[in-house]
Amino acid sequence: MHQGETQIGVVGAGLIGLSWAGLFSAFGYKTIVYDPYLKRKKLPHQAIEEVWKSLDLLFDNLTNKKDVKFSNRIDALKTSTFIQENCLEKLSLKQEIIKELEGFVSDKTIIASSTSSFLPTELQKVCAQPERVIVGHPMNPPHLIPVVEIVLGKFSNQEIANRAKSFYSSLQRVPIQIKKEMRGHLANRLTSALYREAVYLVSEGVADVEDVDSVISNGPGLRLALFGPHMNYHLGGGEGGYRNYLEHLGPSQEVRWETLGHTALTPEIKEKLIQGIEKQHLNITELKNKRDNGLIEILKAKKANNL
């Protein structure tokens, strides 16, 4: 545990919030989840148990778990030293909640937003202490995908960023501080670039949804699970490495870049994409279990190979 954090607050008992809460509590942090609609939520405690089961498989039984508390009152987070905000992706709502939190938490409390699209500067506009409001963006599911993007806004404090890095590191995450705020941060911009082309190829009739997914998961996706694109192309250059690759095959990349497409998500295109998934008649619970179990095995393999 990071010695500076004594209680972790979580805003939102949805998919991301419960994943975070399960992770925080599994590593021994006192964790309380606030959600005004708790009565409508289905079995939040069961969701925490499922997160713990996955983490036990990954980390060989964590022994310092703390029970997660739930409340429909936001002031239940009053004594939190670090808050992870995960409400709906609506800027005005996030600003409203952050402003309310600032009214009763300690001036030392860090407020980190899981937002996938908003800039930290946008979140800071309503704040009395804007520098302590940062982006701590995970990838779904946060308890298994290690990366956390830390993004500072116009008002920044590197000590706060360092404290956030230390906290996320204590959870066996891989915190990456993004050097410049940009819409979608880093991870989502990269995945959006791939997804845009995946949609374009379906819209142009080059391949159907199932084939696009199969090519990625059985091709470049396997390499990307081990190394990023720059390192993969470094290996693609043979003995000459990245320099050799760019000198000899860089032009072929530029030719492909010129043909990359852009397709609007029209109702027709959206329906084509949805039908491409639904015709496979897959059970979403089974898919989630396969994904999570597969991620655990991949993470174990990465650790065993020091990747």
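The values are calculated or read from the model by the stated rules, or taken from the named source; none is laboratory data. Just so we're clear, the structure is a prediction, and the values are computed from it rather than from any experiment. For neighbour counting, all protein chains shown are included, and Cβ atoms are generated from backbone atoms with ideal geometry for every residue, glycine included. Heads up: the accessible areas ignore ligands, DNA and RNA and are worked out on the full protein's heavy atoms, side chains in. Shrake-Rupley method; radii C 1.70, N 1.55, O 1.52, S 1.80 Å.
A few comments on the model shown:
- Residue tally, condition touching a strand residue (DSSP E or B) at 6+ places or on another chain (Cβ under 8 Å) and open to solvent by 30 Å² or more (accessible area, probe 1.4 Å), over region 51-75: 5
- Boolean, residue 280 is exposed (fewer than 15 other Cβ atoms within 10 Å of the Cβ) and in contact (Cβ under 8 Å) with a residue 60 or more places away in the chain: yes
- Candidates 66, 94, 125, 108: the one that is among the basic types (Lys, Arg) and touching an Asp or Glu at 6+ places or on another chain (Cβ under 8 Å) is 94.
- Subset of region 3-17 that is of a type outside the set (Asp, Glu) and farther than 12 Å from residue 114 by Cβ - its residue that is surrounded by the fewest Cβ atoms within 10 Å (Cβ to Cβ): 3
- Out of 85, 131, sole residue that is surrounded by 21 or more Cβ atoms within 10 Å (Cβ to Cβ), among the acidic types (Asp, Glu) and in contact with a Ser or Thr (Cβ under 8 Å, 6 or more places away or on another chain): 85
- Entry remark, region 167-200: residues being open to solvent by 50 Å² or more (accessible area, probe 1.4 Å) and assigned to a helix (DSSP H, G or I) number 10 in total.
- Pairing residues of region 252-264 that are within 14 Å of residue 197 (Cβ to Cβ) and in contact (Cβ under 8 Å) with a residue 60 or more places away in the chain with residues that are among the small types (Gly, Ala, Ser) and surrounded by 10 or more Cβ atoms within 10 Å (Cβ to Cβ), at Cβ distances under 8 Å and at least 6 apart in sequence or on separate chains, gives 261/203; 263/203.
- Scanning region 25-50 for residues that are open to solvent by less than 90 Å² (accessible area, probe 1.4 Å) and not in a helix (DSSP H, G or I) returns 27, 28, 29, 31, 32, 33, 34, 35, 36, 41.
- If you filter region 225-274 down to residues that are part of a helix (DSSP H, G or I) and hydroxyl-bearing (Ser, Thr, Tyr), you find that the one that is least open to solvent (accessible area, probe 1.4 Å) is 245.
- Residues being in contact (Cβ under 8 Å) with a residue 12 or more places away in the chain, surrounded by fewer than 16 Cβ atoms within 10 Å (Cβ to Cβ) and not in a loop (DSSP other than H, G, I, E, B) are represented in region 201-216 by at least one member.
- Here residue 127 fulfils each of the conditions (1) within 19 Å of residue 25 (Cβ to Cβ); (2) touching a strand residue (DSSP E or B) at 6+ places or on another chain (Cβ under 8 Å) apart from (1).
- Any hit, region 90-110, residues being open to solvent by less than 40 Å² (accessible area, probe 1.4 Å) and within 14 Å of the chain's Cα centre (by Cα): no
- Test: residue in region 59-70 that is acidic (Asp, Glu) and within 28 Å of residue 174 (Cβ to Cβ): yes
- Qualifying residue in region 42-53 (condition: charged (D, E, K, R), over 23 Å from the mean Cα position of the chain (by Cα) and at pLDDT below 95): no
- Checklist (1) assigned to a loop (DSSP other than H, G, I, E, B); (2) at pLDDT 95 or above applied to residue 126, failing item: (2)
- Residue 80 vs. criteria assigned to a helix (DSSP H, G or I) and under 24 Å from residue 172 (Cα atoms): no
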